[in-house]
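Structure first, commentary second.
The values are calculated or read from the model by the stated rules, or taken from the named source; none is laboratory data. It should be emphasised that the depicted structure is a prediction, and the values quoted were computed from it without experimental measurement. Counting neighbours? That spans all protein chains shown, and the Cβs are built from the backbone with ideal geometry, glycine included.
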Ligand SMILES: Cc1ncc(COP(=O)(O)O)c(C=O)c1O
């Protein structure tokens, strides 16, 4: 259907079909009526928030939102859902009347083609927009469980957990209810000069989970949580009179976000070389080699630690903090630390008076199989950053936790200007905080970490199967994080597969993975020549199997191409 008249004609036909005893052309009386979702038959797929255009004809089509009209004993023949981008048959009739739901793809009717509008108006992150304009890109209009649904009603498994933050899928009732409750109560009030209940309650919960931490500072995304940690570290030492301690140590291939401070410590040349001139790069230490599927029980080597100690001793007077991801690096190149590495760093920080900042943004909340990864690593940080899964993806929120020792260095009279000079408009946002509270409650209720561990065993078994492929190189795995390096092993070349042919055009391997996976019903993003497996944390067995089957299929496709 493409025109309004077409639409009317169909509606008339449906009106006739839907009625046995009443005939005749439907008199269209158009009214935009917001139908209360609970008052009509639904399947979970019906896109209810939009308007229902109700065609009302004398006597037999009624606006069912109005129970009063049932008194007229009318027979509803048709309900037109307008506009919607989701084709789902929804015929379940709780009313004493006939209901036919015609779902109309309203692009032309309302003059808005979302794909075109997206291309015209939206600038996408890490995207060559010239290239983007040439593709048939998807616009997501709805989520349903672990699936994303586009304008044409196609469903894609959210294979990268919406940038690694999704926990429960996209329609978790308890989280949605908590948002609604909070929105009705207090929508926003900042922590500048005021407290708010959700921010206080969440802080208490987080400090219970994160043993050794005593205070919570709120921000709204991972990068800002890192900025908070960096500024906190610098000011901590200044407040104590050590002005020279203003540089950072960090790890090569570490990634901590895209803001200037975060780029300075997590400098990934492929992403950040344009900005190098304005960054104040940290001293970066080469991390130990990643644990692979076969040597994952390996312990960090003593000579590595000895070398590390020499660096810490050298930079002790000038470095305020060491910053590292917890348990594993991801975005700068997937690397699961060998046992004892994080603990050894922690001990050196303590010995050489350097604060330890642990970034749990991507790896905390169960991603690596532990609720709090730094505790599992037996490290003892001074400052910890959390984000992503903190709200399960339902609201932007991040936190920077610190110990009393750090916090108390900021206590003084205002005249001494020792208070922490940092804050965001959305600091401690009540909706974000109440979402996080519900999310963490659900972790306990469903014993999610245990479930993650079970899925992790399954993931390991599937990764082992994939190891045999001639295009699979190193495989890394921990918890619900998996990474497969694609290499051309034929003739023992072992060269990374950096690009692949796609309909006669060479595209990067990560782009190829994304485009081929979406055709198979999965949305995922690779990292260069690495397939990264980061599913929503509560993913069920069936969906997880589907995701891994698609990855196996992708590997087979690549096998015949190289
Ligand atoms: C370890 C780590 N730290 C920080 C960030 C930045 O988080 P955000 O994208 O929310 O700014 C990321 C993002 O992927 C990350 O992986």
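Numbers for the structure displayed
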{"item": "Yes/no for residue 225 being part of a helix (DSSP H, G or I), within 16 Å of the ligand (Cβ to nearest atom) and in contact with a strand residue (DSSP E or B) (Cβ under 6 Å, 6 or more places away or on another chain)", "result": "yes"}
{"item": "Some residue of the range 236-243 being in a strand (DSSP E or B) and surrounded by fewer than 15 Cβ atoms within 10 Å (Cβ to Cβ)", "result": "no"}
{"item": "Selection count where residues are within 17 Å of residue 266 (Cβ to Cβ) and either within 16 Å of the ligand (Cβ to nearest atom) or modelled with pLDDT under 95 (or both), scope the range 347-372", "result": "9"}
{"item": "Subset of the range 464-496 (residues that are more than 23 Å from residue 328 (Cα to Cα) and part of a loop (DSSP other than H, G, I, E, B))", "result": "468, 469, 470, 471, 489, 493, 494"}
{"item": "Hey, residue 202 touching a helix residue (DSSP H, G or I) at 6+ places or on another chain (Cβ under 8 Å), touching a residue at least 24 places away in the same chain (Cβ under 8 Å), buried (at least 17 other Cβ atoms within 10 Å of the Cβ) and over 30 Å from residue 378 (Cβ atoms) or not", "result": "no"}
{"item": "Answer residue from the range 315-326, given it is more than 10 Å from the ligand (Cβ to nearest atom) and in contact (Cβ under 8 Å) with a residue 60 or more places away in the chain and is surrounded by the most Cβ atoms within 10 Å (Cβ to Cβ) among those", "result": "322"}
{"item": "Positions within the range 508-527 being in a loop (DSSP other than H, G, I, E, B) and without any contact (Cβ under 8 Å) to a residue 24 or more places away in the chain, in sequence order", "result": "526"}
{"item": "Filter pass, residue 441 being in the same structural domain as residue 158 (by TED's automatic domain parsing) and under 23 Å from the mean Cα position of the chain (by Cα)", "result": "no"}
{"item": "Hey, residue 251 at pLDDT 95 or above, more than 16 Å from the ligand (Cβ to nearest atom) and crowded, with 22+ Cβ neighbours inside 10 Å or not", "result": "no"}
{"item": "Condition check for residue 267: out of contact with any helix residue (DSSP H, G or I) (no Cβ under 7 Å at 6 or more places or on another chain), within 16 Å of the ligand (Cβ to nearest atom) and in contact (Cβ under 8 Å) with a residue 24 or more places away in the chain", "result": "no"}
{"item": "Test: residue in the range 192-199 that is touching a residue at least 60 places away in the same chain (Cβ under 8 Å) and within 16 Å of the ligand (Cβ to nearest atom)", "result": "no"}
{"item": "Qualifying positions in the range 388-438 - in a helix (DSSP H, G or I) and within 16 Å of the ligand (Cβ to nearest atom)", "result": "388, 389, 390, 391, 432, 435, 436"}
